[in-house]
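The values are calculated or read from the model by the stated rules, or taken from the named source; none is laboratory data. In this text the structure is predicted, and so the values were computed from the model without any measurement. Quick reminder, even Gly has a Cβ in these numbers, built from the backbone with ideal geometry, and neighbours come from all protein chains shown. These area figures cover heavy atoms from the full protein model, side chains too; ligands, DNA and RNA do not enter into them. Shrake-Rupley method; radii C 1.70, N 1.55, O 1.52, S 1.80 Å.
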Amino acid sequence: MNDSSNASTVKLEPSWLSRLGDQFDMDYMKALKQFLSQEKKAGKEIYPAGSLWFNAFNSAPFDKVKVVILGQDPYHGPGQAHGLCFSVREGVPFPPSLLNIFKEIETDLGISIPHHGCLQQWADQGVLLLNATLTVEKAKAGSHQNHGWEEFTDKAIKQLNDQREGLVFMLWGSYAQKKGQFIDTNKHLVLKAPHPSPLSAHRGFFGCRHFSQANAYLKQQDIEPIQWQLN
């Protein structure tokens, strides 16, 4: 997305573009484009790289989504963010929340903690790893909140809620739970727990068993479960 971008120039996976393309002509997205352009002109470093802003969507086409995990902000450290919530590139040390996710998977499924924190393999299986805000300024957590991204990602979640059935939504922490409060629990499995950050993981994220619950729910619908093991 750049100064001249609209639905025809945005590098967004076709099944998502057909459902969200009209958003790029809305006033809020035009204002977001202008904000991002001004930030770049001011010499500010923005994460992730522009080609990865829509990585969550491009990795998990609309009709292939099985599980949705909602995050808040991209990581704001160098080399961390690559467009999938909670994920870091291979070779980057695990942020604390990600390590706690792996610890819960180990307890829940007996899967040992992997050697890297890149969750691309999950995304490729239909796990939509969606941050509410798709960009951030280097070293400034939350710096791009309330500039329009949240409205765009709300629209994406609403499309999934309305047009799909039998999805699993993992809502960790009050922010994700508020963002997903309109999800129809008659159509989808909504799993809630405290956030996996060290501040709250011991209040119920550990022991939530969301990963086994998700797979059991998918199997009930004759849907291939997620292989949470990372290679």
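Observations, loosely collected:
- Ala216 assigned to a helix (DSSP H, G or I), open to solvent by less than 10 Å² (accessible area, probe 1.4 Å) and modelled with pLDDT of 95 or more: no
- Selection of first residues in segment 113-124 that are part of a loop (DSSP other than H, G, I, E, B) and of second residues that are basic (Lys, Arg) and open to solvent by 20 Å² or more (accessible area, probe 1.4 Å), restricted to Cβ pairs under 9 Å at least 6 apart or on distinct chains, gives the following pairs, ordered by first then second residue: Ile113/Lys103; His116/Arg89; Gly117/Arg89; Cys118/Arg89.
- Failed item in (1) hydrophobic (A, V, I, L, M, F, W, C); (2) in contact with a Gly (Cβ under 6 Å, 6 or more places away or on another chain); (3) at pLDDT below 95, with Met1 passing the rest: (2)
- Some residue of segment 170-182 being closer than 23 Å to Asp22 by Cβ, in contact with a helix residue (DSSP H, G or I) (Cβ under 6 Å, 6 or more places away or on another chain) and modelled with pLDDT of 95 or more: no
- Unmet criterion (only one of (1) within 20 Å of Phe54 (Cβ to Cβ); (2) open to solvent by less than 60 Å² (accessible area, probe 1.4 Å); (3) of a type outside the set (S, T, N, Q)) for Asp124: (2)
- Residue-level analysis places Ser112 outside the set of residues that are crowded, with 17+ Cβ neighbours inside 10 Å and of a type in the set (Ser, Thr, Tyr).
- Subset of segment 184-203 [surrounded by 17 or more Cβ atoms within 10 Å (Cβ to Cβ), in contact (Cβ under 8 Å) with a residue 40 or more places away in the chain, part of a loop (DSSP other than H, G, I, E, B) and out of contact with any Leu (no Cβ under 9 Å at 6 or more places or on another chain)]: His195
- Inside segment 48-72, residues that are in a loop (DSSP other than H, G, I, E, B), in contact with a Leu (Cβ under 9 Å, 6 or more places away or on another chain) and more than 22 Å from Leu171 (Cβ to Cβ) make up a count of 2.
- Selection of first residues in segment 154-183 that are more than 23 Å from Asn215 (Cβ to Cβ) and of second residues that are of a type in the set (A, V, I, L, M, F, W, C) and open to solvent by 40 Å² or more (accessible area, probe 1.4 Å), restricted to Cβ pairs under 8 Å at least 6 apart or on distinct chains, gives the following pairs, ordered by first then second residue: Lys158/Phe182.
- Output for segment 87-108, where each listed residue is without any contact (Cβ under 8 Å) to a residue 60 or more places away in the chain and open to solvent by 20 Å² or more (accessible area, probe 1.4 Å): Arg89, Glu90, Gly91, Val92, Pro93, Phe94, Leu99, Glu106
- In the set Ser37, Ser97, Ser87, Ser18, only one residue is out of contact with any Asp or Glu (no Cβ under 6 Å at 6 or more places or on another chain) and more than 23 Å from Ile226 (Cα to Cα); that residue is Ser18.
- Within segment 138-160, the set of residues being closer than 24 Å to Gln220 by Cα, open to solvent by less than 10 Å² (accessible area, probe 1.4 Å) and not β-branched (Val, Ile, Thr) comprises just one member, Leu160.
- First in segment 59-83 and free of Cβ contacts under 8 Å to residues at least 40 places away in the same chain, second anywhere and open to solvent by less than 40 Å² (accessible area, probe 1.4 Å), Cβ under 6 Å, 6 or more apart: Gly79/Val92; Gln80/Val88; Gln80/Val92; His82/Pro48; His82/Leu52
- For segment 24-51, taking the residues that are out of contact with any strand residue (DSSP E or B) (no Cβ under 9 Å at 6 or more places or on another chain) and among the hydroxyl-bearing types (Ser, Thr, Tyr), the one that is least open to solvent (accessible area, probe 1.4 Å) is identified as Ser37.
- Residue in segment 69-80 that is open to solvent by 30 Å² or more (accessible area, probe 1.4 Å) and under 30 Å from Glu165 (Cα atoms) present: yes
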